[in-house]
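Below: one structure, written as structure tokens.
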Amino acid sequence: MHTLNITPGGVSYPVFIGQQLLGNPELLAPFIRGHQVAVVSSKKAASLYLETLRKALGHFQVTEITLEDGEPTKSLAMLEHVVDCLLRDKHERSTTLIALGGGVTGDLCGFSASCYMRGVSFIQIPTTLLAQVDSSVGGKTGINHKRGKNMIGAFYQPACVLADVDVLATLPDRELSAGLAEVIKYGLIADPLFFAWLESHMDALVAKDSEALMQAVLSSCKNKALVVAEDEKEQGRRAILNFGHTFGHALETWAGYGNWLHGEAVAVGMVMATELSVRLGWVEEPLAERVRAVVQRANLPVSPPDDMKPEDFLDLMRVDKKTVGGQLRLVLLKALGEAVVTSTVPSGLLREQLAASCQET
Ligand code: NAD
Ligand code: GLY
């Protein structure tokens, strides 16, 4: 087992990465302060892993809150439901919430923990690759509003994260690939050696080799930890974690949430952002070729859908959360492993890139 310490805003918490962690009561116990625990899970994750976790929580008073799978669960209605279950079972301020599931579960559970009785402890047990390498680490929690995704939320750090790669064995291949997009992102924005490692281990990752997955989760979390330690609340550098996301969010919204997985859209967005960096003369074309190749080997798409047009991107990119004073900000590459946030891309070049990306399909 690997232990990584995350240190945002002066606090510190461990991320445990390994195998056979889920059923280990000794790992969890030190992070549960009182006698009460509430496990928030999704139907799928609960059907696969709740029993194992239940055994590890033997002597606590446990409330099980199992929710529908899917993005609509990140809602005010489900927040209210979680709070209702906690109040019904008389959970006190010393209670601990445990998120068992993917990013949807982790985001909702974390946000519930941030506001129940003005804040109670919570633990992340991420069961998708995306959640293990991204959403469970760094303290972003939240739910959706009908006018926008993740529009209600809080920065709220967990007491610990338990990333057991064994649970990825049951993850559908498409969800695994979506998580690999975020893994590739870390190599591109911050870690050239890790990117090269991914190029030589992508087949093992796609085949769900446990050692390779552990290494990928560890390197991803290490890279995320460095960024989050420097800028917990995204006042600056943390925005580089959104590499590929401005184009990706536009695509995701255009396609209708759920039709393209977030990671699939981010994969296309990373290809587009790298190609735009080439257009700006910041990186060379061979890097764009390497990005396209590794993305394809992760079984991810490299271009937008046939019928998506440059204007669709432009319209939807205007509502990106990184936009400041109406000025679009993009995360681009100055080199492999060096991302920058910029608002100085000439609009002509951006249009050229969008036209090229939309023609490729
Ligand atoms: P998800 O939570 O919807 O999980 C994907 C699917 O996999 C679900 O159907 C789930 O039930 C199923 N599943 C989960 N674990 C499984 C397992 N081990 N075996 C089989 N099936 C399993 O999706 P996700 O990709 O994990 O997370 C996406 C969410 O994360 C989005 O809401 C996004 O906004 C959020 N997110 C948050 C952050 C953050 O920093 N907080 C970062 C990235 C994404
Ligand atoms: N997923 C981007 C971030 O955590 O900032």
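The values are calculated or read from the model by the stated rules, or taken from the named source; none is laboratory data. Note that the structure is predicted; figures quoted are calculated from it, not measured. All Cβ positions, glycine included, derive from the backbone under ideal geometry; neighbour counts span all protein chains shown.
Quick look at the values:
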{"item": "Residues located in segment 1-18, provided they are outside any helix (DSSP H, G or I) and crowded, with 20+ Cβ neighbours inside 10 Å", "result": "Ile6, Val15, Ile17"}
{"item": "Hits in segment 157-190 (condition: within 16 Å of ligand 2 (Cβ to nearest atom) and among the charged types (D, E, K, R))", "result": "Glu182, Lys185"}
{"item": "Every residue from segment 226-243 that is within 11 Å of ligand 2 (Cβ to nearest atom) and either part of a helix (DSSP H, G or I) or among the small types (Gly, Ala, Ser) (or both)", "result": "Val227, Val228, Arg237, Arg238, Ala239, Ile240, Leu241, Asn242"}
{"item": "Any hit, segment 198-218, residues being more than 16 Å from ligand 1 (Cβ to nearest atom), at pLDDT 95 or above, surrounded by fewer than 24 Cβ atoms within 10 Å (Cβ to Cβ) and of a type in the set (Ser, Thr, Tyr)", "result": "yes"}
{"item": "Residue in segment 192-208 that is in a helix (DSSP H, G or I) and under 23 Å from Glu71 (Cβ atoms) present", "result": "no"}
{"item": "Among (1) surrounded by fewer than 24 Cβ atoms within 10 Å (Cβ to Cβ); (2) in contact (Cβ under 8 Å) with a residue 24 or more places away in the chain; (3) away from ligand 2 (no atom under 15 Å from the Cβ); (4) within 21 Å of Leu180 (Cβ to Cβ) - the single one Leu280 does not satisfy", "result": "(4)"}
{"item": "Of the criteria (1) modelled with pLDDT of 95 or more; (2) over 22 Å from Val133 (Cβ atoms), which one Ala45 fails", "result": "(2)"}
{"item": "So Gln61, is it surrounded by fewer than 18 Cβ atoms within 10 Å (Cβ to Cβ), within 16 Å of ligand 1 (Cβ to nearest atom) and modelled with pLDDT of 95 or more", "result": "no"}
{"item": "Residue in segment 132-143 that is among the basic types (Lys, Arg), modelled with pLDDT of 95 or more and on the phi > 0 side of the Ramachandran plot present", "result": "no"}
{"item": "Residues of segment 64-78 that turn out to be of a type in the set (S, T, N, Q) and either at pLDDT below 95 or within 13 Å of Leu100 (Cβ to Cβ) (or both), as a count", "result": "1"}
{"item": "Members of segment 286-310 found to be modelled with pLDDT of 95 or more and more than 30 Å from Ala204 (Cα to Cα), listed by number", "result": "Met308, Lys309, Pro310"}
{"item": "Elements of type helices (runs of 4 or more DSSP H) in segment 272-361, at least 2 residues being in contact with a Pro (Cβ under 7 Å, 6 or more places away or on another chain)", "result": "347-360"}
{"item": "Hits in segment 107-128 (condition: part of a helix (DSSP H, G or I) and within 8 Å of ligand 1 (Cβ to nearest atom))", "result": "Asp107, Gly110"}
{"item": "Total residues in segment 141-155, condition near ligand 1 (Cβ under 10 Å from one of its atoms) and touching a residue at least 40 places away in the same chain (Cβ under 8 Å)", "result": "7"}
